[in-house]
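*Asks:* Have a look at the structure that comes next, please.
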Amino acid sequence: MNNALITIQSLEKEFVVRRGFFPRPKKIIRAVDGIDFSINTGETFGLVGESGCGKSTTGRMLVRLMPPTSGKIYYQGEELTAKTEKQMLPLRRNLQMIFQNPHGSLNPRMSLEQILEEPLKIHRYPFSNRAKRIRELMDYVGLSQTSMDRYPAEFSGGQRQRIAIARALALDPKFIVADEAVSALDVSIQAQILNLLMDLQKELGLTYLFISHDLGVVNYISDRIGVMYLGKLVEVADCNTLYRRPLHPYTKILLASVPVADPNQTFKAMAWDTPEGDFPAPPAGCSFYNRCRERLDICSRQKPSLKEQAQGQSVACHLFNP
Amino acid sequence: MAIFIFKRVIGIPVTLFILSLMIFSLVLFLSPSERVAVFVSSSDALQSASLEELIERYGLDQPFYVQYGNWVKELLRGNLGWSSSARMPISEALALRIPATIELLFAGQVILLFGGIYLGTLAAEKENRFTDHCIRLLTIVGGAIPEFLVGLFLLILFYVTFDLLPPGRLGMLSTDIVNAPAFVKYTGLHLVDSLLNGQPHVFMDAFSHLILPSMAYSLGGLAATVRLMRSSLLDNLSRGYVPTARLKGLSNRQVMTRHVRRNAMLPVITFMGMRIPVLLSGSVIVETIFNFPGMGMFIVTAAQGLDFPAIIAASLAVSVIIIISNLIVDILYTVLNPQIRLDISR
Amino acid sequence: MKKQAKALVQHPTGIIGIILVLFWVSVAILAPMLAPPQDPDNAYMMVRHGFSSLPNPPNGQSPWGTTSGGYDIFYGIIWGSRTALVLGLVTVLATATIGALAGGVCAYYGGILDGVCMRIVDLFMGIPFLIAVIVMTTVWGKGMDKIILALIVFGWHRYARMMRSEVLVVKEQEFVLAAKNMGASPMGIFFRHVLPNALSPIIILMSINIGRMVLVAASLSFVGIGAEPGFADWGQMLNFSRNWISGIPGAPFYYWYTYAYASVAIFTFVLGWTLLGDALGTMYGKQEAY
């Protein structure tokens, strides 16, 4: 674990909804409910879970777009959570992010050149080298033939995502959070972008946190995978291990719902016992209790904690931690 | 519901305090000699004492908050100062003028509400047919013509050309009746007083004098309420509760009047509340055009005569009118909106 | 840009709006040629033909007649367009700048600042615009500059309100997060990313408000508390005509020229900007821009 680039410790994020002028009962949503993991240099850590499970919030906290409610984040041993905005600035170039929606992540009123120049401007990249750097970035993402004074609206979704990647690369980052980076794209384009990300990783020695609800995509790109459910990390494992031997009941259901591209294999989706929706977990017990088909008595009373079961595989479930 | 209204009512003093501070701060733009006029209660008082004495007496060389305190004290005693343009104490002038403006405001709101409901319903029922297009054209034109052009046009058409509906607030005959000692002025509103005094002719006369000015200054708002009502009706008609109500056995007409129209009216009511300041602004114009002696005309003559105390008192009076009419609109909204009604009774 | 201009021209009401606006703008620019002033230092004062208190019908000397007081109607209409345009542009630019910045900054930073800002805007929403402007001009004194100042003081809050709701939407967009992630300063994000993307409804409101501001100023002059007497101003010309509306017995439209030209001028000027704003609104997909 000593080559960990990013380490997070008992990270929590609470959102308060319905805040008014007068004090009234507040409703607190725990989007991220105490998670720990670390990401090693050069690897791709995949984070999966259904929408609203807190995976995007985690990603945003990692690059300090959102302050955590509690918990710590370390980057190369430096505690990010203790830094002021000013102290963060030189570090920001190392921590970049690619967003989900290629239509929303590029300012529609800025030309391609302005978009790519902006990070260079902010970090005072030497003026004389900027044009060269922008060309270089365009080469990286395979848009070398494109005119620089076009606007985002004139590009396709895939091209825009390439621009967003180029922008994230502009400052030579070490670590990139890709938040649902391919979810809004067509399947054929998804593969192109995923391959591009993997090539760039090899070429530039990047470390990724890859967030997606699509286990198929995460499996394709990741070295290790963390599965999140209602703000908690329920299972962390190597990609292959997770696929071959999922332990947590939730992981099993997720895996079973991935369609397999084999015409001879019949698709056996595991039906949910209960429909997807807003499940109040029993306050004392496991957050998955209400939807779990293998639940035990203890599950309603005690929260399971994440424990290592086998080499590189941890799970938070009472089935394995008697 | 009572709690809801109570909540609204307790907010009023705060609003009034802020507004009165803002209005009184206008005094700071005036020279001390002009300021004196804000405090004295009659023209005699102005002549009997020297300027220095008056400045001394009203503390006009004192800090702002002291002056404000004095002003409020006088205000609560009912002394608003002397209006040089109306040549009477301002409190008396306001007692005459405010009811006129309220009558006009009420008439304007009635046109907005019922005109909006009727024309809006018509347009929605005949969606995209000839009637709908005609109403739409009317609303576009009506929304773009300024009040004083509408006013002038109506005056030329009805008074100059057809010699109907004259300007003013009352005809000569009715004025004599109203000013006679036998006529008890309960409210100052001619429409109400005439009925209470058993004078239907005066009522009709006052009513006919209200038609043109209220039409002139509510036309712009009417265009908006018609459009609002139409789109809100069409929106409500496409909701799930309409087939439900039909399946329950209600007739089309019953569904329309009991459910759809009632729900669709809510945005119109909200709009009416927002429209109050606009209508009061408009009253400046229409009262001038139609020679209708209300607050608008009072403000104009005061402004022309640089009658500062009258201007300041009138601003305060207008604020009070707005606050109270907003409260009435809020109550109306609560009565019509089952959501609030139920929420609060729980 | 070209595409947008084309869409605007193809919009049926848009084209009428553009024609009216262009017409009045060119009249305002060409005013010294269309109606040469007698005293170039004082061009905004209407040319007078005598001091007769009776209006004079159109004749060789004054093509559109004169109002009471001998003011030349043609001259007044031509130079009045300058008054209207200058007043409209100045007030709208000032109110839009103040309002957009206030509303934008409050919404962007949020919190208590936003709460206070919105209380103030709500308070201003409840103030009758015309009455407030009358009160201010009475206290400050007569003159176009005072009117413009009063219009600005009581006109900015609409922009603030609109800008606020736009910024609340734009600031949640991912490109704002992306800029923050790059390390851009809050000010930099506001001016480079948030403001430019929240401006289109403001531009629509500006177009509509040029007409509206001119209308309020004209209303002021119409009731006789606006511009100084003799200043080329459409509202004032209508004010001059008020005594002549009923004509003479048997000929109700005897003095038609005293009000007809000024009414048409005000109506078309306001309509032009309103239609233009309306068309811009449909173009940007904001039907209820105001």
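*Asks:* So, C:ILE203, is that one crowded, with 21+ Cβ neighbours inside 10 Å, farther than 20 Å from C:TRP79 by Cα and under 19 Å from the mean Cα position of the chain (by Cα) or not?
*Replies:* No: the conditions fail for C:ILE203.
*Asks:* Which of the residues spanning the range C:252-270 are in contact with a Pro (Cβ under 7 Å, 6 or more places away or on another chain) and in a helix (DSSP H, G or I)?
*Replies:* The answer is C:TYR257, C:THR258, C:ILE266, C:VAL270.
*Asks:* How many of the residues in the range A:134-170 are more than 14 Å from every other protein chain (Cβ to nearest Cβ) and within 22 Å of C:GLY188 (Cβ to Cβ)?
*Replies:* 2
*Asks:* Among the numbered criteria (1) within 28 Å of C:SER221 (Cβ to Cβ); (2) buried (at least 18 other Cβ atoms within 10 Å of the Cβ), which single criterion is violated by B:THR121?
*Replies:* Condition not satisfied by B:THR121: (1).
*Asks:* Now, a different point. Kindly establish whether C:ARG192 is over 30 Å from B:PHE298 (Cα atoms), within 14 Å of chain B (Cβ to nearest Cβ) and in contact (Cβ under 8 Å) with a residue 12 or more places away in the chain.
*Replies:* Against the criterion (over 30 Å from B:PHE298 (Cα atoms), within 14 Å of chain B (Cβ to nearest Cβ) and in contact (Cβ under 8 Å) with a residue 12 or more places away in the chain), C:ARG192 does not qualify.
*Asks:* Given the residues B:VAL284, B:VAL226, B:VAL242, B:VAL255, which is the only one that is surrounded by fewer than 19 Cβ atoms within 10 Å (Cβ to Cβ) and in contact (Cβ under 8 Å) with a residue 12 or more places away in the chain?
*Replies:* B:VAL242
*Asks:* OK, next. Taking only pairs six or more apart or across chains, which ones have beta-carbon atoms under 7 Å, a first residue in the range A:79-107 that is farther than 20 Å from A:ARG124 by Cβ and more than 7 Å from chain C (Cβ to nearest Cβ), and a second residue that is of a type in the set (Val, Ile, Thr) and buried (at least 18 other Cβ atoms within 10 Å of the Cβ)?
*Replies:* A:LEU80/A:ILE73; A:THR81/A:ILE73; A:ILE98/A:ILE165; A:ILE98/A:ILE176
*Asks:* Another question, then. Could you grab me the full set of residues in the range C:110-169 that are more than 11 Å from every other protein chain (Cβ to nearest Cβ), more than 26 Å from C:LEU199 (Cβ to Cβ) and over 21 Å from the mean Cα position of the chain (by Cα)?
*Replies:* Within the range C:110-169, none qualify.
*Asks:* May I ask you to list the residues in the range C:250-278 that are in contact (Cβ under 8 Å) with a residue 24 or more places away in the chain, facing chain B (nearest Cβ under 9 Å) and touching a Lys or Arg at 6+ places or on another chain (Cβ under 9 Å)?
*Replies:* C:VAL270, C:THR274
*Asks:* Any idea how many residues of the range A:144-200 are farther than 26 Å from A:MET61 by Cβ and aromatic (Phe, Trp, Tyr)?
*Replies:* Within the range A:144-200, residues that are farther than 26 Å from A:MET61 by Cβ and aromatic (Phe, Trp, Tyr) number 2.
*Asks:* Can you tell me which of C:LYS146, C:LYS142 is of a type in the set (D, E, K, R) and not in a helix (DSSP H, G or I)?
*Replies:* Sole residue among the options that is of a type in the set (D, E, K, R) and not in a helix (DSSP H, G or I): C:LYS142.
*Asks:* Sticking with this structure for a sec: Please verify whether the range B:126-135 includes one or more residues that are among the aliphatic types (A, V, I, L, M) and part of a loop (DSSP other than H, G, I, E, B).
*Replies:* no
*Asks:* Just one of the numbered conditions (1) closer than 18 Å to C:TRP79 by Cα; (2) within 12 Å of chain B (Cβ to nearest Cβ) is not true of C:ILE245; which one?
*Replies:* (1)
*Asks:* Here is a list of conditions, (1) free of Cβ contacts under 8 Å to residues at least 24 places away in the same chain; (2) within 9 Å of another protein chain (Cβ to nearest Cβ); (3) surrounded by fewer than 21 Cβ atoms within 10 Å (Cβ to Cβ), and C:ASN197 meets all of them except one; can you say which number that is?
*Replies:* It is condition (1) that C:ASN197 fails.
*Asks:* Additional query: Residues in the range A:217-227: is at least one more than 19 Å from A:CYS317 (Cα to Cα) and in a loop (DSSP other than H, G, I, E, B)?
*Replies:* Within the range A:217-227, one or more residues are more than 19 Å from A:CYS317 (Cα to Cα) and in a loop (DSSP other than H, G, I, E, B).
*Asks:* With respect to C:ALA227, is the statement that it is outside any helix (DSSP H, G or I), more than 9 Å from every other protein chain (Cβ to nearest Cβ) and at pLDDT below 85 true?
*Replies:* Against the criterion (outside any helix (DSSP H, G or I), more than 9 Å from every other protein chain (Cβ to nearest Cβ) and at pLDDT below 85), C:ALA227 qualifies.
*Asks:* Which of (1) crowded, with 23+ Cβ neighbours inside 10 Å; (2) free of Cβ contacts under 8 Å to residues at least 24 places away in the same chain; (3) more than 10 Å from every other protein chain (Cβ to nearest Cβ) is the odd one out, the single condition C:ASN239 does not satisfy?
*Replies:* Condition (3) is where C:ASN239 drops out.
*Asks:* Looking only at the range A:108-122, which residues are assigned to a loop (DSSP other than H, G, I, E, B) and either more than 14 Å from every other protein chain (Cβ to nearest Cβ) or surrounded by fewer than 17 Cβ atoms within 10 Å (Cβ to Cβ) (or both)?
*Replies:* A:PRO108, A:ARG109, A:SER111, listed by residue number.
*Asks:* Out of everything in the range A:54-78 that is in a loop (DSSP other than H, G, I, E, B) and more than 9 Å from chain C (Cβ to nearest Cβ), what residue ends up being farthest from A:THR41 (Cα to Cα)?
*Replies:* Selected residue: A:THR69.
*Asks:* Here are the criteria: (1) over 21 Å from the mean Cα position of the chain (by Cα); (2) of a type in the set (S, T, N, Q); (3) under 30 Å from C:ASN239 (Cβ atoms); (4) away from every other protein chain (no Cβ under 14 Å). Tell me which single one B:ASN179 does not satisfy.
*Replies:* (3)
*Asks:* Across the range C:180-189, what is the number of residues that are assigned to a helix (DSSP H, G or I) and more than 7 Å from chain A (Cβ to nearest Cβ)?
*Replies:* So the count comes out to 4.
*Asks:* To continue, here is another question. Would you confirm whether any residue within the range A:191-206 is crowded, with 20+ Cβ neighbours inside 10 Å and modelled with pLDDT under 90?
*Replies:* Looking for residues that are crowded, with 20+ Cβ neighbours inside 10 Å and modelled with pLDDT under 90, one finds none in the range A:191-206, hence no.
*Asks:* Kindly state which helices (runs of 4 or more DSSP H) lie completely within the range B:187-286 and contain at least 1 residues that are closer than 16 Å to B:PHE114 by Cα and of a type in the set (Val, Ile, Thr). Give the derivation first.
*Replies:* Working: elements: B:190-196, B:200-237, B:241-247.
It comes to B:200-237.
Yes/no per residue for (1) among the small types (Gly, Ala, Ser); (2) modelled with pLDDT under 65; (3) touching a Pro at 6+ places or on another chain (Cβ under 9 Å):
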{"position": "A:TYR250", "(1), (2), (3)": "no, no, no"}
{"position": "A:LEU255", "(1), (2), (3)": "no, no, yes"}
{"position": "A:ASP262", "(1), (2), (3)": "no, yes, no"}
{"position": "A:THR266", "(1), (2), (3)": "no, yes, no"}
{"position": "A:ALA269", "(1), (2), (3)": "yes, yes, yes"}
{"position": "A:ASP278", "(1), (2), (3)": "no, yes, no"}
{"position": "A:ALA281", "(1), (2), (3)": "yes, yes, no"}
{"position": "A:CYS286", "(1), (2), (3)": "no, no, yes"}
{"position": "A:ARG293", "(1), (2), (3)": "no, no, yes"}
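*Asks:* State all residues of the range B:12-64 that are surrounded by 18 or more Cβ atoms within 10 Å (Cβ to Cβ), among the hydroxyl-bearing types (Ser, Thr, Tyr) and at pLDDT 70 or above; if no residue qualifies, say none.
*Replies:* B:SER20
The values are calculated or read from the model by the stated rules, or taken from the named source; none is laboratory data. Keep in mind that what you see is a predicted model, and the values were worked out from it rather than measured. Methodologically, a virtual Cβ is constructed for each residue, glycine included, from the backbone with ideal geometry; neighbour enumeration extends over all protein chains shown.
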